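Note sheet for the following structure.
Derivation of every value follows stated rules applied to the coordinates shown; laboratory data play no part. Fair warning: this is a prediction, and the values are worked out from it, not measured in the lab. Every residue, glycine as well, gets a Cβ built from its backbone with ideal geometry; the counts of neighbours run over all protein chains shown.
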Amino acid sequence: MPKALITGITGQDGSYLAEFLLTQGYEVVGMVRRTSTVNFHRIAEIQDQIELVPGDLGDQISLIHILEQHRPQEVYNLAAQSFVQTSWTQPVFTGDVTGLGVTRLLDAIRIVDPGIRFYQASSSEMFGKVVEVPQRESTPFYPRSPYGVAKVYGHWITINYRESYGLHATSGILFNHESPRRGREFVTRKITNHVAQIKLGLTDELRLGNLDAQRDWGFAGDYVKAMWLMLQQDEPQDYVVATGETHSVEEFLRVAFEYVNLDWHDYVIQDPRYMRPAEVDLLVGDPSKAGANLGWEPAVSFTELVKMMVDADIELLKVSS
């Protein structure tokens, strides 16, 4: 039975990846930080099928111990300070975890077992102020946040260890991917959560920043399959994972509100507090390499994704109220 280690297993992507790997017959080990608030709700239904181990991307010794003790064949690095807005107020912490943490994990693999296959969660935020549309694997990076800068470091150190030490190390440049498990601090979940609250009469306004930003949004459950496919290839390469379509925040709003028969104009207030110091205006990926080499394509459409998230938030609020 193959064994995989997932860092960030309690996050959106980690939970979907763990579920997927279990269906593929894997033994799944998940690394969790010993923090004051450990949140296991995303993996509650599979918690008895996986093994959780304490570790931290800031502590290389803990990473070496985990690899030595559990001997995984595959490592998926999904742990990070992953919220762009937070990276402005915690830039050094973001750099340490999201950037240097990748180096610590790669070096632990090099020391313990260079045969381990490694997946790095790169991000479309690395493209930032885009120099070409759509963005593909060869598009130059121009990050516009401390998070984007840290992800560029993690991306290039993965390539560096692949080329320097012959590791099977791959970066997946994933464009925005959402789900009902997305954290409420992210704009998509903030929208669907508020739509549900407004529909149920629990609030009457939604405050947002830039409504013109355009993103390539897909379903996280589709994207974790691409991660796995990358590590099944003979040769490690980097891949853009995206839908190839772009939608604005305003369009996301419109679809979400219309789904519950409301007009977003009646409830949304633009608030300067939610504007970023430097904004990323247009992200849209070209997933043709992933399609050709991995046979991967997204299954859930933009509209289906928005409706899925609204439905889930309405159900969640009904249960909790």
May I ask for the angle, rounded to the nearest 10°, between helix 249-259 and the longest principal axis of the chain, with both axes built from Cα atoms and the value confined to 0 to 90°? 60
For residue 281 and residue 52, FRET efficiency with R0 = 35 Å and r from the beta-carbon atoms, rounded to 0.05? 0.35
Between the helical axis of 146-165 and the dominant principal axis of the chain, each derived from Cα atoms, what acute angle in degrees is found, rounded to the nearest 10? 20
Rank by packing, highest mean first: peptides 93-101, 246-254, 19-27, with packing defined as the count of other Cβ atoms within 10 Å averaged across residues. 93-101, 246-254, 19-27
Among residues other than residue 306 whose Cβ falls under 10 Å from its Cβ, what is the net charge (Lys/Arg +1, Asp/Glu -1)? -3
If you take every residue apart from residue 81 with its C-beta less than 11 Å away from the C-beta of residue 81, what net charge results, scoring Lys and Arg +1 and Asp and Glu -1? 0
Can you give me the angle between helix 101-112 and the longest principal axis of the chain, using Cα atoms only, in degrees from 0 to 90, rounded to the nearest 10? 30
Once the other residues with Cβ under 13 Å from the Cβ of residue 230 are scored (Lys, Arg +1; Asp, Glu -1), what is the net sum? -1
Other-chain or far-sequence residues with amide H under 5 Å of residue 33's (modelled H): 55
On the Cα set of segment 62-160, report Rg and Dmax in Å, please. 14.4, 45
